[in-house]
Structures are given as structure tokens and as C-alpha cells.
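Okay, structure first, notes after.
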Amino acid sequence: MCGIVGLFLKDPALEPQLGSLLAEMLGVMTDRGPDSAGFAVYGGGRDGFSKLTLRAASAASLVDLAHDLGAGIAAKVEGQLHDTHVVVSLPAAAEGAARAWLAEHRPDVAVVGAGKRIELYKEVGLPKDVGERFGLSHMGGTHGIGHTRMATESAVTTRGAHPFSTGADQCLVHNGSLSNHASVRRTLRAKGLAFETDNDSEVAAGYLTWKMREGASLSEALEAGLEDLDGFYTFVVGTENGFAVLRDPIACKPAVMAETDQYVAFGSEYRALVGLPGIENARMFEPEPGKVYAWERA
């Protein structure tokens, strides 16, 4: 039931290879989730600018979007098309206006990720095909996470695919199911969070967003989740500079990690990690139940 991968690079020399390494890890997990797949990559960012990853039904409907958006909000907007997604870069101060313009003029376009560094892509289809559609193997960056889905809590749709992003430069992938997601969703909505799907995993992402808005660190937010989120789960979370893993206190979902001087890697199974450089010398371990593992770049 679903496959998760994650890679956090310590060695800058590996950054150009992030996408190719992550693509191989994601493809290996195909039989754990052939319905749909997605990934988030943390690449370059510019001070004072935001990236919005936008999704539509077809690439053709996105060709002129960056130009139209820029004209609509009277700001310089640059766009890079990736099949059914386009990443637009715009002044951070104009992000609110851009979201409002999209809601009014292009309701067919969904904002799937936003922040200084994050780019997020997901679609229905086999993980290998999804990765190739968006050119994952050619992407560089410092860290990334990915997910292969076998739908259990909602329909097989692009909207229901992981990762879920509910905060700036934040995203989450999840293997498992939450039994109290409906009540947590109601609580979070009352606190101002909005949800695009009925997927339980989006609720987990929203919960972490709320906790961090309240001042918690990523580790503290995950630790609080041990008390507030019921069910069976393994979470892998990305932030602008961080990467974290948490398994529920029973830890019935498989998970394995590897750490070297060059990287930290996560996979639902060891076979997702075997293609990584120097894996034969890595410290291999299974994350303990109910324990937060987190790494952060300066």
C-alpha cells in the first residue's frame, strides 16, 4: 500500500544528480503504488521571489499562462512548462494577487506547490512514466521526496496523488491511513486552513502547517502529531531546508533508511536504495516507532 522515497543531500557535489537518483528510487517502488505518482524537488530559489507550481488538464492550456498572469497582475512572471504543470516565478509580494487572479480568471488551474525553492509534480500513471513526463532525471537540488500511490482513502485522481503541500516550501508523502482525519480536518478548517481534496494525507500536511505557523519546529510539529493523529502511518516531510521522517508508534508500515557522509535516504523497502552511490558502506537502519528523525541544511 503505497511506496515512499526521500533523498537529502549533504554533499553539494551530488546536487546535479538529485533528480536522476530520485527517479530511480521512485521507479523501483512501482509495484507498491501503480495508480499515480508524484515528487517534490527543492532546487534553486531567489531572494524576494516565489515559485508557484500550477497544474491543468493539458499542457496546451498552460502555454500562455505565465504571460497572461503577468499582464493580469502587472508584474514580471516567468514560466517553465513541464507537461501538465508549469512553474512560474514572480515577486513574492505579488503571490497573493497571482492567486486571486488565477481563482477568478483560470479556475481550471490548481496551485499544487508554492515557496521559494519547491517544485511539485504529480499525475496519474506509473511512477516511471510520471517521472519521465516531467523530466525528473534532469532536475537538480538539495533534497526531494516522492510517492507511488495505491489508492485506499479516495479515488485515483491527479488531485489525490502525493505529495501534498499546504504551506510554503512544505510538503508531505504518506503511507498508511488516518482514522480521525475528518475530525482533524474540521478543526483545521476552523483555524483557517483550506483543503482541496478529501484525502487523509492532505490533512496530515495541513496539521504540520498549522503547528509550524503556531511556532513549532518541524520536529516539534511531528512529535505533536503522535498525540493528535490516529492511525497507521509513515510520513516523509520536506521543508525549504529540512527533511524528516516519522512512523506511528506501532510502525506497521515498512521503512528503511541509509546515511553516509554524502546523503540521507529513505525507502519503503531497501531495494529502493540499492542504486545510490556508496550504499554498500552506508549506515542502514529501520526508523524506530514514534521517533522523529530530522535533518536540516544551514
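Hey, can you tell me all the residues within region 170-187 that are more than 23 Å from His147 (Cα to Cα) and either of a type in the set (D, E, K, R) or within 20 Å of the chain's Cα centre (by Cα) (or both)?
Within region 170-187, Arg186 is the sole residue that qualifies.
Is it the case that Arg133 is touching an Asp or Glu at 6+ places or on another chain (Cβ under 6 Å), of a type in the set (D, E, K, R) and assigned to a helix (DSSP H, G or I)?
Answer is yes for this residue.
Could you list all residues from region 48-64 that are within 23 Å of the chain's Cα centre (by Cα) and free of Cβ contacts under 8 Å to residues at least 60 places away in the same chain?
Within region 48-64, Gly48, Leu54, Ala56, Ala57, Ser58, Ala59, Leu62 meet the criteria.
Run down Ala93, Ala98, Ala75, Ala103 and say which single residue is farther than 25 Å from Ala23 by Cβ, surrounded by 17 or more Cβ atoms within 10 Å (Cβ to Cβ) and not basic (Lys, Arg).
Going through Ala93, Ala98, Ala75, Ala103 in turn, the sole match is Ala98.
Hey, among the residues in region 119-169 that are polar (S, T, N, Q) and under 16 Å from Val5 (Cα atoms), which one's surrounded by the most Cβ atoms within 10 Å (Cβ to Cβ)?
That would be Thr148.
In region 219-255, what count of residues is obtained for those that are over 12 Å from Gly176 (Cβ atoms), buried (at least 17 other Cβ atoms within 10 Å of the Cβ) and either of a type outside the set (Asp, Glu) or outside the structural domain of Ala155 (by TED's automatic domain parsing) (or both)?
Counting residues in region 219-255 that are over 12 Å from Gly176 (Cβ atoms), buried (at least 17 other Cβ atoms within 10 Å of the Cβ) and either of a type outside the set (Asp, Glu) or outside the structural domain of Ala155 (by TED's automatic domain parsing) (or both) gives 10.
Take the residues of region 258-278 that are in a loop (DSSP other than H, G, I, E, B) and either touching a Lys or Arg at 6+ places or on another chain (Cβ under 8 Å) or outside the structural domain of Ala13 (by TED's automatic domain parsing) (or both): which is nearest to Arg149 (Cα to Cα)?
Top of the filtered list is Ser268.
I'd like to know if region 191-204 contains one or more residues that are crowded, with 19+ Cβ neighbours inside 10 Å and of a type in the set (Val, Ile, Thr). Steps first, please.
Pass one, region 191-204, residues crowded, with 19+ Cβ neighbours inside 10 Å: 193, 199-204.
Now narrow it down to the ones that are of a type in the set (Val, Ile, Thr): 203.
There is at least one residue in region 191-204 that is crowded, with 19+ Cβ neighbours inside 10 Å and of a type in the set (Val, Ile, Thr).
On the given criteria, is Arg159 of a type in the set (D, E, K, R) and at pLDDT 95 or above?
No.
Output the residues belonging to region 256-269 that are buried (at least 22 other Cβ atoms within 10 Å of the Cβ), touching a Leu at 6+ places or on another chain (Cβ under 8 Å) and not aromatic (Phe, Trp, Tyr).
Once the filter is applied, which keeps residues that are buried (at least 22 other Cβ atoms within 10 Å of the Cβ), touching a Leu at 6+ places or on another chain (Cβ under 8 Å) and not aromatic (Phe, Trp, Tyr), region 256-269 yields Ala258, Ala265, Gly267.
Of the residues Ala216, Ala272, which is surrounded by fewer than 17 Cβ atoms within 10 Å (Cβ to Cβ) and at pLDDT 95 or above?
Numbers: Ala272 fails: surrounded by fewer than 17 Cβ atoms within 10 Å (Cβ to Cβ).
So the residue among Ala216, Ala272 that is surrounded by fewer than 17 Cβ atoms within 10 Å (Cβ to Cβ) and at pLDDT 95 or above is Ala216.
Six or more apart or on different chains, Cβ under 7 Å: which pairs go from a residue in region 197-220 that's within 21 Å of Asn175 (Cα to Cα) to one that's of a type in the set (Val, Ile, Thr) and in a helix (DSSP H, G or I)? Could you list them?
If the second residue must be of a type in the set (Val, Ile, Thr) and in a helix (DSSP H, G or I), the pairs left are Val203/Val184; Tyr207/Val184.
Can you tell me which residue is surrounded by the most Cβ atoms within 10 Å (Cβ to Cβ) among those in region 279-295 that are free of Cβ contacts under 8 Å to residues at least 40 places away in the same chain and part of a loop (DSSP other than H, G, I, E, B)?
Ala282
The values are calculated or read from the model by the stated rules, or taken from the named source; none is laboratory data. The structure displayed is predicted, hence computed values, not measured ones. Cβ sites come from the backbone with ideal geometry, for glycine too, and all protein chains shown count toward neighbours.
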